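Asker: Here it is: the structure, laid out below.
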Ligand code: TXA
Ligand code: MG
């Protein structure tokens with residue numbers, strides 16, 4: 001574990017990256033598993049470490065706008081306006097790829113995903129390396145993305161040269177991905193920058209149904225599509241009114257089962273007193289989707305650590321960051337009606 005405050009640690013991290021090794025580092029969204037973005041062999045190690053399908057491309061992280069010219073052939077006008085509005089920050093642009101970008105990064109596509117993180121530790125590391133860093137989320141494929149250094153270590157400690165600890169991530173969900181090589185520009189993954197904020201800058205955009213929203217975006221069985229970002233325990237989502245009463249009854253029916261509740265403060269309050277077999281994780285107030293987004297992945301890993309056999313969670317209002325929050329909740333959960341009682 002490297003401390004972002006220590007000069008010697010930052011130097012060690014940058015040196016490891018320049019040597020072609022993997023280093024996990026904080027960004028404002030989630031922790032990234034970084035490699036030298038110009039080194040194809042180093043980028044291949046990312047896929048091995050994460051057990052990620054080779055046809056799922058990586059995002060290049062830059063710290064300086066001048067680095068963009070090294071990795072793309074053209075910046076469409078919409079891209080320029082989005083960069084002015086949202087970089088550095090949690091917005092990834094799909095752009096036409098220059099020949100300098102190795103095929104390992106783009107999985108053979110003609111485009112490349114690029115973002116400039118706002119996290120100062122990420123920026124410092126990229127500057128020291130002097131090259132773009134290829135980095136997916138620093139979790140094993142399919143697991144919740146890590147929002148603390150300890151969570152990276154759970155999944156990858158044996159598989160990286162080191163982890164730069166920069167504290168907890170402030171957004172907690174991955175960046176928004178928007179393809180600006182197509183008309184209209186198309187959001188491929190909702191995230192830290194909302195559709196509403198994007199449309200205020202460039203006008204109407206399209207939203208792609210289920211494109212590139214996970215670590216496993218290769219073609220997959222239909223039943224698989226909701227099982228991403230998932231903890232060990234199955235997660236069931238309840239929506240609609242009266243959820244507290246419904247969950248209370250559900251929990252009471254099986255006092256032998258250790259149950260995780262990943263719920264808003266309001267719903268948890270309605271369920272008090274909580275029975276002994278329940279482990280609560282409070283996502284915060286229902287009108288604070290930003291807070292819930294920040295805590296979501298953290299809460300999933302916390303409940304897994306408690307050894308719960310099932311997790312119940314609930315729907316949140318869409319709009320703004322709520323759309324990204326619900327996107328992740330749909331991916332990692334199943335509707336409560338599908339719960340199997342053995
Ligand atoms: O916030 C984030 O974006 C975090 C931090 C570490 O920056 N990174 C992240 O990376 O979420 P990852 O690998 O978990 O997700 C990257 C997504 C994948 O779904 C991938 O398919 C998509 O970006 N992607 C990458 N290059 C692409 C391209 N050229 N065209 C379409 N999708 C692309
Ligand atoms: Mg990921």
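The values are calculated or read from the model by the stated rules, or taken from the named source; none is laboratory data. Quick caveat, the model's predicted, so the values are computed rather than measured. Glycine gets a Cβ as well: all are built from the backbone with ideal geometry, and neighbour counts include every protein chain shown.
Asker: What's the total number of residues in region 121-166 that are closer than 22 Å to residue 298 by Cβ and assigned to a loop (DSSP other than H, G, I, E, B)?
Answerer: 15
Asker: Inside region 53-77, can you point out the residues that are under 23 Å from residue 186 (Cβ atoms), in contact (Cβ under 8 Å) with a residue 12 or more places away in the chain and outside any strand (DSSP E or B)?
Answerer: First, pick out the residues of region 53-77 that are under 23 Å from residue 186 (Cβ atoms): 53, 55-62, 68, 71-77.
Okay, now just the ones that are also in contact (Cβ under 8 Å) with a residue 12 or more places away in the chain, so 53, 55-62, 68, 71-76.
If the condition is that a residue be under 23 Å from residue 186 (Cβ atoms), in contact (Cβ under 8 Å) with a residue 12 or more places away in the chain and outside any strand (DSSP E or B), then 53, 55, 56, 57, 58, 62, 68, 71, 73, 74, 75, 76 are the ones that fit.
Asker: Give just the number: which of (1) surrounded by fewer than 23 Cβ atoms within 10 Å (Cβ to Cβ); (2) within 19 Å of residue 239 (Cβ to Cβ); (3) in contact with a strand residue (DSSP E or B) (Cβ under 7 Å, 6 or more places away or on another chain) does residue 278 not satisfy?
Answerer: Unmet condition: (2).
Asker: Let me ask something additional. Which one of the conditions (1) under 17 Å from residue 324 (Cα atoms); (2) at pLDDT below 90 does residue 219 fail to meet, given that it meets all the rest?
Answerer: Condition (1) is where residue 219 drops out.
Asker: Give the residues of region 277-294 that are assigned to a loop (DSSP other than H, G, I, E, B) and free of Cβ contacts under 8 Å to residues at least 12 places away in the same chain, sorted by residue number.
Answerer: The initial filter retains those residues of region 277-294 that are assigned to a loop (DSSP other than H, G, I, E, B), namely 277, 283-288.
Within region 277-294, 287, 288 meet the criteria.
Asker: Going by the structure shown, is residue 27 within 16 Å of ligand 2 (Cβ to nearest atom), part of a loop (DSSP other than H, G, I, E, B) and crowded, with 22+ Cβ neighbours inside 10 Å? Talk me through it step by step, then tell me what you get.
Answerer: Numbers: within 16 Å of ligand 2 (Cβ to nearest atom): yes; part of a loop (DSSP other than H, G, I, E, B): yes; crowded, with 22+ Cβ neighbours inside 10 Å: yes.
Criteria met by residue 27.
Asker: Moving on to the next point. Which ones in region 89-120 are part of a loop (DSSP other than H, G, I, E, B) and in contact with a helix residue (DSSP H, G or I) (Cβ under 7 Å, 6 or more places away or on another chain)? Working first, answer last.
Answerer: First, pick out the residues of region 89-120 that are part of a loop (DSSP other than H, G, I, E, B): 89-90, 98-102, 107-110, 116-119.
Residues satisfying the conditions are 98, 100, 101, 102, 117.
Asker: Can you name the residue in region 7-24 that is more than 13 Å from residue 156 (Cβ to Cβ) and assigned to a loop (DSSP other than H, G, I, E, B) and is also farthest from ligand 2 (Cβ to nearest atom) among such residues?
Answerer: Looking at the filtered set, the residue picked out is 19.
Asker: Moving on to the next point. So is residue 74 surrounded by fewer than 23 Cβ atoms within 10 Å (Cβ to Cβ) and over 22 Å from residue 152 (Cα atoms) or not?
Answerer: Working: surrounded by fewer than 23 Cβ atoms within 10 Å (Cβ to Cβ): yes; over 22 Å from residue 152 (Cα atoms): yes.
So residue 74 passes the test.
Asker: Another one. Suppose we filter 133, 173 for residues that are closer than 25 Å to residue 103 by Cβ and either within 13 Å of ligand 1 (Cβ to nearest atom) or at pLDDT 95 or above (or both); which single one remains? Walk me through it before giving the result.
Answerer: On the way: 173 fails: closer than 25 Å to residue 103 by Cβ.
Sole residue among the options that is closer than 25 Å to residue 103 by Cβ and either within 13 Å of ligand 1 (Cβ to nearest atom) or at pLDDT 95 or above (or both): 133.
Asker: Restricting to region 308-340, and then to whatever is part of a loop (DSSP other than H, G, I, E, B) and without any contact (Cβ under 8 Å) to a residue 24 or more places away in the chain, can you tell me which residue is nearest to residue 250 (Cα to Cα)? Please lay out each step first, then the result.
Answerer: As a first pass, look at region 308-340 and keep what is part of a loop (DSSP other than H, G, I, E, B): 308-309, 315-320, 333, 339-340.
From what is left, the residues that are without any contact (Cβ under 8 Å) to a residue 24 or more places away in the chain are 318, 340.
Numbers: 318: 26, 340: 12 Å.
Among those residues, the one meeting the criterion is 340.
Asker: Test each condition in (1) near ligand 1 (Cβ under 9 Å from one of its atoms); (2) within 24 Å of residue 148 (Cβ to Cβ) for residue 6 and report the one that comes out false.
Answerer: Every listed condition holds for residue 6 apart from (1).
Asker: Which ones in region 162-190 are over 20 Å from residue 328 (Cα atoms), in contact (Cβ under 8 Å) with a residue 60 or more places away in the chain and surrounded by fewer than 21 Cβ atoms within 10 Å (Cβ to Cβ)?
Answerer: Across region 162-190, the qualifying residues are 162, 167, 181.
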